[in-house]
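Take a look at the structure below.
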Amino acid sequence: MTDNLNASLGSETWIPLDTTSLTKHLLSTYHLHRASLHAFTACDRKYTPKQGKPFGRRSRAVETKKTLQEMETKFLLFEDETNQGCRIRPNRPDTLQECGFNSSLPLVLIIHGWSVDGLLENWIWQLVTALKSRPAQPVNVGLVDWIARAHHHYTIAVRNTRLVGQEVAALLRWLQDSVHFSPSKVHLIGYSLGAHVSGFAGSSMGRTHKIGRITGLDAAGPLFEGASARDRLSPDDAIFVDAIHTFTREHMGLSVGIKQPIAHYDFYPNGGSFQPGCHFLELYRHIAQHGFNAITQTIKCAHERSVHLFIDSLLYPGMQSMAYQCSNMGSFSQGLCLSCKKGRCNTLGYHVRQQPQSKSKQLFLVTRAQSPFKVYHYQFKIQFINQIEKPVEPTFTMSLFGTKGEMQKIPITLGEGITSNKTYAFLITLDLDIGELVMIKFKWENSAVWANVWNTVQTLIPWGTEPRHSGLTLKTIRAKAGETQQRMTFCSENTDDLQLLPTQEKILVKCETNSKKSNRKIR
C-alpha cells in the first residue's frame with residue numbers, strides 16, 4: 001500500500017510511513033484538493049457567486065499578490081435567498097441602506113474557515129438559504145469574507161484570525177454607533193478557523209458590549225487545542241456560546257476539530273470523534289487505489305458535518321436533535337445519561353436553549369448518517385437472573401411497538417456476559433418516531449443447535465435438592481424515552497412463565513400496577 005501511495009504522489013514526493021505523519025499529510029492535502037462550485041467576482045458593491053475553475057497558475061499569482069496588498073476583509077449582506085451579496089463598508093452609512101440592512105432585526109454573520117484554494121465553499125450558500133427561508137423569523141444574514149487572509153499557509157491563517165476578529169468587532173461597534181444596533185442582537189456562526197475569529201471578535205467587544213451569541217462549528221483544533229481561553233473561542237466571548245464538535249479524532253495523530261470544551265454547551269454528536277457515513281476506516285485503501293483525491297470527501301465529510309447538523313436544525317424545525325449531558329460517550333452508549341433535569345439536555349443547532357452556565361456542559365447524542373439527522377433515544381434496563389454459575393453470552397434482539405409505529409429485531413449488545421441477579425443498561429436509537437412505547441418482544445436469538453447444547457448442559461449440572469429451572473429469568477424491562485422523558489416498566493405478558501431459553505421470545509407489556517418501582521428514577 002505504501003508503494004501505491006508514493007506512486008500516486010509522484011517521484012518528487014515522499015511521505016513518512018508512520019500513521020501520525022501520514023495523517024498530518026492527509027489533513028494538509030485535503031485542503032489542497034477541496035472542490036467548490038462557487039467563486040466571488042467583484043463588481044463595485046454586488047458579489048455574485050459563479051461556477052467555474054480556480055484561476056490559472058499565473059493569474060492566481062497575480063490575484064494573490066493583489067489581495068495580499070489589500071488584505072481586505074469584506075462584509076456582505078444577503079437581501080434574499082439568492083446567492084448575491086451586497087457589500088457593507090464600515091463608516092459608509094449609505095451602504096447599509098443600499099444593502100437593505102434592517103436595524104430592527106437580529107444580525108447573523110457567517111464566518112468561514114481556512115482556505116487553500118481561495119474559493120468560498122458551497123455550505124455557505126446552503127446556510128444563507130436556510131436562514132433566509134424563514135419568513136416567520138426574519139433576520140439580517142451576512143458573511144465575513146476574509147479569504148484574503150485565510151488563503152495562506154495554515155499557521156499564517158491562524159495568526160490572522162485575531163486581526164479579522166478585531167475587524168468584525170470594529171464593524172459591530174460602528175453599527176452600534178451609527179444606527180444604535182446592539183451587539184446583543186448579533187449571532188456569529190463560525191466554522192473551523194472562523195469559530196476562533198468569532199471568539200476574537202467577541203473578546204474585542206469587551207464585557208460591557210457583549211455579542212449575543214456565538215456558535216462554533218467544529219472549531220479548528222491545530223494550534224488551538226490546549227490554548228488559554230483568551231487565545232481561542234471561549235464561553236467569555238459572548239452572552240451565550242454553543243459549539244458542535246464533529247471531527248476530534250485525536251488518536252490519529254492530529255484532529256481537524258478541537259476536542260476540549262470551548263462553550264457554555266459543547267455538543268459531541270456520535271462522540272465527536274467521527275461521523276456515520278464518512279467511512280474513515282476505508283480511507284487508506286481508497287488512497288492506494290485513487291491517490292490523495294480520495295481524502296477530500298472523507299475528511300470534509302466529518303469536519304463539515306457540524307455545518308450540516310446546524311443547517312438541519314433550520315430545515316426541520318419539527319425534528320430537533322436532542323443531546324444529553326454526560327461524562328463521555330462510553331457512559332452515554334450504556335444509556336446512563338438521558339436526564340433533562342437541571343438543564344442536563346438541550347437542543348442541538350439554531351434553536352438551542354440559551355442558558356449560560358458557569359461551567360461548560362458536554363452533551364452527547366447519536367445521529368443518522370444523512371439529513372434529517374435526528375434519532376430517538378431510549379434507555380433500557382433489564383434485570384436477569386442467571387441460574388448457571390458461569391456467565392453466559394447470549395445474543396438478544398428487541399422489537400419495539402408504539403402508538404405510531406414499530407421497529408423489529410433490534411440487536412442488543414450488553415458488552416459482557418450475563419451473570420446472576422444483575423441489571424444491565426444500554427441505549428437504543430430509532431430513526432422512526434414510534435410514539436409511546438406499549439409493548440416489547442424480547443428474543444434470545446441463538447440457534448437451535450445452541451438450544452440443544454443448553455438443554456444437554458442443564459441435565460449435567462447438579463441443581464441441588466431443590467427443584468430449579470435452568471436458563472435465564474427475565475423479570476422486568478424498564479424504559480425511558482429521552483425525547484419525552486417518559487419512564488415505563490414492562491412485565492411478562494405471562495407472569496407464570498418468566499424463564500427465557502435459546503430461540504425463545506417473550507412478550508412484555510406495561511405492568512398493570514403503577515407501583516413506585518415502575519416510576520423510580522433511571523439515571
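Quick notes
- Working from label points 7 Å from Cα in the Cα-to-Cβ sense, the K475 to E512 distance is 2.0 nm.
- Estimated from the Cβ-Cβ distance and a Förster radius of 30 angstrom, the FRET efficiency linking K359 and H209 is about 0.80.
- Nonlocal amide H pairs with N270, under 5 Å, H built at 1.01 Å: L365, V366, T367
- Net charge contributed by nearby residues that have their C-beta within less than 11 Å of S203 (K/R +1, D/E -1): +2
- One chain, two ends: Q370 and Q486. Fully extended at 0.36 nm per residue, the span grows by 39.0 nm beyond their Cα-Cα distance.
- Between E72 and E445, the simple label model (points 7 Å from Cα in the Cβ direction) yields a spacing of 6.2 nm.
- Summing charges over all other residues whose Cβ lies under 12 Å from the Cβ of Q370, with Lys and Arg as +1 and Asp and Glu as -1, gives +1.
- Total formal charge among the other residues, if their Cβ is under 13 angstrom from that of S182, Lys/Arg +1 and Asp/Glu -1: +3
- The gain in end-to-end length when the T429 to S182 segment is fully stretched comes to 84.7 nm, 0.36 nm per residue minus the alpha carbon separation.
- Label-point separation in nm, E406 to Q126, each point 7 Å along Cα→Cβ: 3.6 nm
Just so you know, all these numbers are worked out from the coordinates, no wet-lab data involved. Quick caveat: nothing in here was measured; it's all calculated off a predicted structure. Neighbour counts are summed over all protein chains in view; Cβ atoms, including those assigned to glycine, are modelled from backbone coordinates with ideal geometry.
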